[in-house]
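Asks: Dropping the structure in here first, questions after.
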Amino acid sequence: MYQDRSIFTAIMAYARPRSERHSFEEILSQSGINLSDIDMTLPENILALDSEYFHLLFDKDNSSDREAMKAIFDLEHELAPVLARMEAGGVFLDRSLLDTESVNLRRRIEDLKKTIFFSAWEEFNISSSKQLQIILFEKLWLQSGKKNKTGYSVDAEVLEFLQDKHPIILPLLEYRTLTKLQTTYFDVLPRSISPRTNRIHPTYIQIGAATGRIACEDPNLQNIPAHGEGSEILRRAFRPEDSHTVYVVADFSQMELKILANLSGDQAFQDAFLAWGDIHQRTAEFLFGHTNISWDERRIAKAVNFGVIYGVSGFGLMKTTGLSRKDADSFIKAFYDAYPWVGAYYETLLEWVRSKWYAETFFGRRRWIDGINDSNKMLRSAAEREAMNMPIQGTGADVLKLSLIKADRLIRELFDEVKMVMNIHDEIVFEVPRFQADAFCEKLQETLAYTELGPIALNVDIGVGENWWEAKQ
């Protein structure tokens with residue numbers, strides 16, 4: 001596979017609706033070019049082939065494809081240097097803070113190992129599923145009905161089920177949590193710091209996901225936990241390098257739900273944003289039939305709201321919430337009863353995809369859904385979930401990419417001392433001189449407000465703090 005094409009041509013290939021079906025070799029061979037006859041070590045040959053590939057890609061599309069492709073190509077092409085500047089600038093990480101916490105983590109892990117060995121009456125390799133199976137189900141005689149290829153499962157679901165059956169279980173769960181934190185974050189992130197700049201320079205991937213979402217790797221900063229054990233320390237470690245600067249975080253709160261409200265045109269769903277403000281509270285009131293909503297009821301309503309975006313089934317909702325299958329099914333039905341136009345929107349969308357074979361975003365980004373008419377029910381259901389999700393998540397990805405471009409333009413025109421340092425899902429993180437923080441936040445709020453989709457504006461919540469954690473509180 002040819003890998004040395006320019007970002008210009010790579011974006012063209014990505015923007016094409018069915019580019020994955022026409023590889024570099026296939027398209028060139030169709031025009032009579034055989035790569036085996038060409039010296040690919042010569043830069044001039046690579047450049048010539050790259051140009052030829054670009055034009056052949058463009059010529060393969062009909063006029064409607066070209067119109068859709070051009071809008072996405074222009075967006076991706078303008079975004080590329082924005083991400084390049086963010087990668088080059090990097091983000092500062094307080095290594096001393098992580099090193100201190102890493103020592104504390106190792107101490108806690110060692111204490112947990114002693115507790116686990118005491119409960120098991122012997123030492124063993126806690127990370128070995130086979131050895132843990134022997135300890136739990138043969139020596140301690142605990143019972144689990146969940147099996148895998150190697151015997152009874154010892155995954156998190158099983159351990160949580162067994163947590164009140166024996167004192168070994170809670171230390172095991174905590175041990176797994178802490179070792180994952182240690183090996184995934186506290187050991188890895190400091191090694192990612194460049195000795196030359198004293199900053200982390202991750203790679204942002206703009207043309208990987210079919211929905212258009214930006215990915216991050218080396219390291220994956222989008223994987224850093226926002227809640228739970230270790231999240232506060234990890235996020236406090238991301239901070240400005242000097243005391244004269246603060247973090248500003250712009251977060252598109254509930255963006256995908258707002259997009260669904262706009263695209264579906266459901267008046268009740270839109271009113272939940274316009275009149276009530278809290279969509280999860282309003283949905284919970286519909287689901288449970290009263291207004292004195294508890295924390296757990298709001299949690300379930302939130303799972304239903306977000307699950308609908310991904311075409312969640314009753315079984316899927318049951319797995320994520322702990323509800324019974326009957327209750328999960330009834331809550332999904334109650335959601336569609338409360339917001340009937342959402343159901344109608346999805347029905348119309350699926351009819352469109354079945355006839356066109358693709359779903360598209362508000363901006364024209366397309367994703368081909370090849371299994372949408374498959375005779376296999378399981379494959380067809382998975383394709384339907386992809387089709388339902390694409391216009392929502394994909395439109396959100398497009399809005400986020402537009403916002404990165406707008407924010408970069410704002411910085412270069414009015415705030416040249418501000419640095420855009422991270423994009424984490426629907427968040428954009430900036431380093432801002434203290435004396436400019438108020439003015440920048442006001443202008444940023446105005447710049448990133450997006451109202452073109454419908455009555456529900458996609459606004460950003462803006463926070464300011466000494467570090468990433470504080471700016472999000």
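Asks: Using the structure shown, decide if residue 349 is part of a helix (DSSP H, G or I), within 25 Å of the chain's Cα centre (by Cα) and at pLDDT 90 or above.
Replies: On the way: part of a helix (DSSP H, G or I): yes; within 25 Å of the chain's Cα centre (by Cα): yes; at pLDDT 90 or above: yes.
When the stated conditions are applied, residue 349 passes them.
Asks: Looking at (1) buried (at least 18 other Cβ atoms within 10 Å of the Cβ); (2) without any contact (Cβ under 8 Å) to a residue 24 or more places away in the chain, which is the only condition residue 242 fails?
Replies: (1)
Asks: Hey, can you tell me all the residues within the stretch 232-263 that are among the small types (Gly, Ala, Ser) and modelled with pLDDT of 95 or more?
Replies: Quick first cut of the stretch 232-263, residues among the small types (Gly, Ala, Ser) only: 237, 243, 250, 253, 261.
Scanning the stretch 232-263 gives 237, 250.
Asks: What are the pairs, 6+ residues apart or on separate chains, where a residue within the stretch 295-316 that is over 17 Å from residue 350 (Cα atoms) and among the aromatic types (Phe, Trp, Tyr) has its Cβ under 8 Å from a residue that is in a helix (DSSP H, G or I) and open to solvent by less than 70 Å² (accessible area, probe 1.4 Å)?
Replies: Pairs that qualify, where the first residue is over 17 Å from residue 350 (Cα atoms) and among the aromatic types (Phe, Trp, Tyr) and the partner is in a helix (DSSP H, G or I) and open to solvent by less than 70 Å² (accessible area, probe 1.4 Å), are 306/256; 306/257; 315/328.
Asks: Looking at (1) in contact with a helix residue (DSSP H, G or I) (Cβ under 7 Å, 6 or more places away or on another chain); (2) over 19 Å from residue 262 (Cβ atoms); (3) open to solvent by 60 Å² or more (accessible area, probe 1.4 Å), which one does residue 328 not meet, given that it meets all the others?
Replies: Residue 328 satisfies all of (1) in contact with a helix residue (DSSP H, G or I) (Cβ under 7 Å, 6 or more places away or on another chain); (2) over 19 Å from residue 262 (Cβ atoms); (3) open to solvent by 60 Å² or more (accessible area, probe 1.4 Å) except (3).
Asks: Can you name the residue in the stretch 84-131 that is hydroxyl-bearing (Ser, Thr, Tyr) and over 33 Å from the mean Cα position of the chain (by Cα) and is also nearest to residue 217 (Cα to Cα) among such residues? Spell out the reasoning first.
Replies: Taking the stretch 84-131 as the starting set, the residues that turn out to be hydroxyl-bearing (Ser, Thr, Tyr) are 96, 100, 102, 115, 119, 127-129.
Keeping just the survivors that are over 33 Å from the mean Cα position of the chain (by Cα) gives 115, 119.
Working: 115: 36, 119: 40 Å.
So, considering only residues that are hydroxyl-bearing (Ser, Thr, Tyr) and over 33 Å from the mean Cα position of the chain (by Cα), the one nearest to residue 217 (Cα to Cα) is 115.
Asks: Checking residue 207 against (1) open to solvent by 40 Å² or more (accessible area, probe 1.4 Å); (2) at pLDDT 85 or above; (3) within 30 Å of residue 364 (Cβ to Cβ), which test does it fail?
Replies: The number of the failed condition is (2).
Asks: Residue pairs, Cβ under 6 Å, 6 or more apart or interchain, first in the stretch 172-199 and touching a residue at least 60 places away in the same chain (Cβ under 8 Å), second among the aromatic types (Phe, Trp, Tyr). List them.
Replies: 199/92
Asks: Mind listing whichever residues of the stretch 341-351 are surrounded by 15 or more Cβ atoms within 10 Å (Cβ to Cβ) and of a type outside the set (Val, Ile, Thr)?
Replies: 341, 343, 345, 346, 349, 350
Asks: While we're here: Cβ-Cβ distance below 8 Å, separation of 6 or more or different chains: which pairs start in the stretch 441-468 with a residue that is farther than 24 Å from residue 361 by Cα and end on one that is in a strand (DSSP E or B) and open to solvent by 70 Å² or more (accessible area, probe 1.4 Å)?
Replies: Matching pairs, first to second residue: 441/464.
Asks: Do you know which residues across the stretch 112-134 are part of a helix (DSSP H, G or I) and either open to solvent by 80 Å² or more (accessible area, probe 1.4 Å) or touching a Pro at 6+ places or on another chain (Cβ under 8 Å) (or both)?
Replies: 112, 114, 115, 116, 118, 119, 130
The values are calculated or read from the model by the stated rules, or taken from the named source; none is laboratory data. Since this is a predicted model, take the numbers as computed values, not measurements. Using ideal geometry, Cβ is built from the backbone for each residue, glycine included, and neighbour counts are taken over all protein chains shown. The accessibility values were calculated without ligands, DNA or RNA, using every heavy atom of the protein model including side chains. Shrake-Rupley method; radii C 1.70, N 1.55, O 1.52, S 1.80 Å.
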